[in-house]
Ligand SMILES: Cc1cc2nc3c(=O)[nH]c(=O)nc-3n(C[C@H](O)[C@H](O)[C@H](O)COP(=O)(O)O)c2cc1C
């Protein structure tokens with residue numbers, strides 16, 4: 001997730017059982033040209049494994065070149081973004097815009113897959129517009145035949161954005177035709193949601209995005225649910241505040257004090273969701289400037305008289 005899944009985020013996620021994590025999406029050209037800001041988004045370390053890196057682009061040669069750079073930077077998997085709905089990205093013919101061009105996706109994968117030794121995957125939506133059935137299934141077939149290691153499917157069209165529900169029937173249909181493993185994505189907020197996604201679609205794995213923001217406990221819950229075990233007790237406010245403090249320590253390690261105090265602002269927003277007084281904590285979190293202010297927020301968060309609640313999603 002752009003703006004979210006940096007190294008600190010992934011480190012916390014793995015601590016709670018996340019088995020595979022992706023960096024934030026990056027565009028192919030700045031990777032090839034070695035732009036420092038883009039390379040900083042791809043920061044990883046030896047504990048951050050396996051790690052996926054995701055490319056946005058449309059020129060097969062440029063994407064293949066960028067993929068080779070990502071492999072050198074330590075990517076264990078390289079993913080092609082076929083889902084980003086942002087207007088500017090679509091206007092450039094990238095992300096979800098490529099869902100309108102199955103044959104061009106084929107041309108990209110023909111270059112990309114053999115360009116690197118690591119597995120190449122795609123992440124797609126179920127079409128650009130509603131009613132794009134034939135096309136998204138055609139894309140799944142093309143990708144399967146071109147040698148991708150798996151296909152992740154967010155069960156919404158670009159037109160839907162984030163509205164409605166992830167279409168599990170569409171994900172099942174991709175699974176039927178792809179001939180490679182399929183990862184189901186969309187609206188997984190708890191262990192039971194993950195189990196349902198697997199049961200209903202027959203998919204081989206699940207990907208969680210928004211449901212893990214400020215809620216790394218979801219990975220353990222999913223692992224238990226998939227084994228048929230009941231969910232663990234919800235984390236208390238004090239436990240959540242402690243993980244927020246750890247998250248901040250990691251940001252500080254990676255970015256230094258000044259930048260960490262800025263980067264922690266949205267992170268506070270995620271973690272305090274659902275505790276009494278969350279609004280006020282968020283207000284303070286959005287303005288935090290000093291360690292003293294941050295420590296006071298963490299202290300008040302930890303003391304929130306919460307019956308442990310599910311940190312639901314933003
Ligand atoms: C803030 C944000 C950033 C995202 N960034 C990416 C991205 O970089 N690459 C990608 O493939 N999907 C991205 N997504 C989409 C998610 O990966 C996922 O497909 C979508 O949110 C549905 O899953 P969820 O219900 O588990 O959130 C992003 C979503 C959000 C909310």
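General observations
- Exactly one residue among 227, 195 is surrounded by fewer than 20 Cβ atoms within 10 Å (Cβ to Cβ) and without any contact (Cβ under 8 Å) to a residue 24 or more places away in the chain, and that residue is 227.
- When 125, 196, 159 are screened for being modelled with pLDDT of 95 or more and more than 14 Å from the ligand (Cβ to nearest atom), only 159 passes.
- Which listed residue, of 191, 228, 202, is touching a strand residue (DSSP E or B) at 6+ places or on another chain (Cβ under 9 Å) and either at pLDDT 95 or above or outside the structural domain of residue 287 (by TED's automatic domain parsing) (or both): 202
- Among all positions in the range 257-265, there is at least one residue which is at pLDDT 95 or above, buried (at least 22 other Cβ atoms within 10 Å of the Cβ), within 22 Å of the chain's Cα centre (by Cα) and outside the structural domain of residue 222 (by TED's automatic domain parsing).
- Qualifying residue in the range 12-23 (condition: farther than 20 Å from residue 211 by Cβ, away from the ligand (no atom under 13 Å from the Cβ) and touching a helix residue (DSSP H, G or I) at 6+ places or on another chain (Cβ under 6 Å)): no
- Within the range 89-195, helices (runs of 4 or more DSSP H) holding 3 or more residues that are within 26 Å of residue 219 (Cβ to Cβ) and within 18 Å of the chain's Cα centre (by Cα): none
- The residue of the range 209-231 that is nearest to the ligand (Cβ to nearest atom), among those that are out of contact with any helix residue (DSSP H, G or I) (no Cβ under 6 Å at 6 or more places or on another chain) and in a loop (DSSP other than H, G, I, E, B), is 209.
- None of 249, 307, 296 is at pLDDT below 95 and surrounded by fewer than 21 Cβ atoms within 10 Å (Cβ to Cβ) except 307.
- Residue 74 meets the conditions (1) within 16 Å of the ligand (Cβ to nearest atom); (2) outside any helix (DSSP H, G or I) in every case but one. The failed one is (1).
- Picking from residues in the range 24-41 that are in a loop (DSSP other than H, G, I, E, B) and out of contact with any helix residue (DSSP H, G or I) (no Cβ under 7 Å at 6 or more places or on another chain), the one that is farthest from residue 269 (Cα to Cα) is 34.
The values are calculated or read from the model by the stated rules, or taken from the named source; none is laboratory data. This is a predicted model, so every value here is computed, not measured. FYI the Cβ positions are ideal-geometry reconstructions off the backbone, even for glycines, and counts take in every protein chain you see.
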